[in-house]
């Protein structure tokens, strides 16, 4: 399965803009950031690496094109959302004790948690620095101001989502609605913000800006639900995440929350007993997977992702967008719920 | 020893501005922030508390007055620097494993480290939200832009300083010059930024803006050196920090770095042996204090603080400031190197 071409089109310029935000910042602190972004190995030597998909900046630039804007003008916002996303990943890995991401050791597992907190904090600040460059692109001050507000509020929602995600780990009473509320914050907020920012920087049409924001909402949910799917049924070779890891970490991902709601009798008791344990063992992971299979949680999860996808596709088709870009947006949306990585 | 009156003059408005940045944000995530700011107890009940001295916003507003500006206009920047400072404290306590701050349990010691990371991250974002309000005060877009750049760069330096501070813990070869370079980032950057922002928001005179930035540099160093002094010889009842804690945490504070440079023979060997240990015991703390006494590290440290204070006082006296505010700035500077809390 390959990335849609939209990812390719912007990739080198997103990368160049990111590198120029980091340019001249040579303290060892920034080595952690360059490492996380896939530019260097842990010793600081350049590598040809995977820096992630750059989904959010790609969505942002595509939205800008789709509303008839010049995507280059939006590059500072694209890098800002990518930096916000990545700072949250660095901190997320610390919070979840995850030792691997994108097939490589996580920042904290190399430099320790205290320094990884610093890496995330400076990356968070670099997002502001990146956004400052909108001025150099000739974006009017009022739009810059609005872009800052949109990004800050999305970032607050993202962190709030992280808060709920962690606080759900030790709870057994999470319903599907609680779960949806949590991912609206944790994942949807920054994805919807990316589409909104792209539209804002490409157009003055408030209806179309609102419309792309709405597309982003459905897309964010569909994306996260596919992520949950891969967190249980994904192929570790492709996802770069240890398989079954969401079960071991007691993440209240959609398949689990669904199973907790649906299970009855012996299955329900077994599920609760496993999730009451301090540490979930390998055989527990197998048992949980057995219960999920019996409850058809796999098809339920994928259907849920498709429902949000369909909602997004309808939104896209209802908006007055540049046709070629609109098609790419649809292609990208479909990719996100079918991807295996 | 009491706080200079300048702290009193701005206090209620700084507090009101901070509260209005938080207004309407009611998720449990924000309870951690309100707790850290001293507004509520861990259950979320209002308390009459100590929210710290608000040194940085006070300096910022005083600088604004000193250059003839209207300090109310600068309140959004004052709250932004206070939020940056406090987000860094929440993360610092996690990094240093500190269980107590301002006579209360630290955020992580109540809610755990993963959630405390979130508390810091959202507070960091709230600093951006606070700064957005400069627009409502009628500050011109170019000045807002410059204020954002100044604050972001100070924040990056602060985090870089944290990086060095932590990386020095396990090194025995830190010289006084390395130490000074580290505190220029960790502490001086945000204090100098506060004075610079205050001047920027109160005046268009570039020379006076530069001058107040320079005052802040000396003041930041003097302040941190006094902090180092209190970290070893302070009274726990007054500082709210366990006494000798800087020694136990192997912080390369000025007295220690000085002693490592000056000690010879048996003292040097003893010092190195203690700092090579994984865990520093109570009797080690006593031994280190004995060595510091023998080397007169106490008077050396206080003299160093006074040297930077004198530099700052000269700077202040050389600038065309509003006389009453300039005097208050001098009073505040003197307080910072004499304070016992």
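Here, each number is a calculation from the coordinates, and none is a lab measurement. Nothing here was measured: the structure is a model prediction, and the numbers come from that model. Every residue, glycine as well, gets a Cβ built from its backbone with ideal geometry; the counts of neighbours run over all protein chains shown.
What to note about this one:
- Shielding of B:158-171 by partner chains, average beta-carbon count, 10 Å: 5
- Helix-only CD estimate at 222 nm, as mean residue ellipticity for chain A, using -39500 (n - 2.57) per DSSP H run (n ≥ 4): -23000 deg cm²/dmol
- Note on residue A:169 and residue B:238: their simple-model spin labels are 4.2 nm apart, each label 7 Å out from Cα toward Cβ.
- Taking the longest Cα principal axis of chain A as reference, the axis of helix A:113-132 is set at about 40 degrees.
- Against the main long axis of the alpha-carbon atoms of chain A, helix A:282-294 sits at an angle near 90°.
- P(r) of region B:7-338 over all Cα-Cα pairs, binned every 20 Å from zero, in whole percent: 31, 57, 12, 0
- 0 to 90° range, to nearest 10: angle between helix B:323-338 axis and chain B longest Cα axis: 20 degrees
- Structural descriptor for region B:173-231: relative contact order 42 percent, calculated from alpha carbon pairs under 8 angstrom and at least 6 residues apart.
- Estimated FRET transfer efficiency when R0 is 56 angstrom, pair residue A:110-residue B:25 (beta carbons, to 0.05): 0.95
- The mean count of C-beta atoms from other chains within 10 Å of the C-beta of residues in A:127-135, rounded to a whole number, is 4.
- Peptides A:129-142, B:82-95 ranked from most to least packed give B:82-95, A:129-142, packing being the mean of other C-beta atoms within 10 angstrom over each peptide's residues.
- Normalised by the number of residues in region A:19-154, the average gap of Cα pairs under 8 Å and 6 or more apart makes the relative contact order 24 percent.
- Estimated distance in nm for a label pair at residue A:341 and residue B:324, the labels positioned 7 Å out from Cα along Cα-to-Cβ: 6.8 nm
- As a calculated quantity, the FRET efficiency between residue B:206 and residue A:46 at R0 = 41 Å, using C-beta atoms, amounts to about 0.50.
- Rounded to two decimals, the Cα radius of gyration of region B:57-140 over 2.2 N^0.38 Å is 1.30.
- For region B:7-338, the relative contact order comes to 19 percent (Cα pairs under 8 Å, sequence separation of at least 6).
- Among B:1, A:260, the ranking by other beta carbons within 10 Å of each residue's beta carbon, starting with the fewest, stands as B:1, A:260.
- Sorting A:60-73, A:191-204 by their mean Cβ neighbour count within 10 Å, with the most densely packed peptide first, gives A:191-204, A:60-73.
- For the protein assembly as shown, the equivalent ellipsoid built from the Cα gyration tensor has semi-axes of 45, 31, 22 Å, listed from largest to smallest.
- Given their separation in residues at 0.36 nm each and the Cα-Cα distance between them, residue B:11 and residue B:103 gain 31.1 nm when the chain is fully extended.
- Take each residue in B:146-152, count the other chain C-beta atoms within 10 Å of its C-beta, and the mean is 3.
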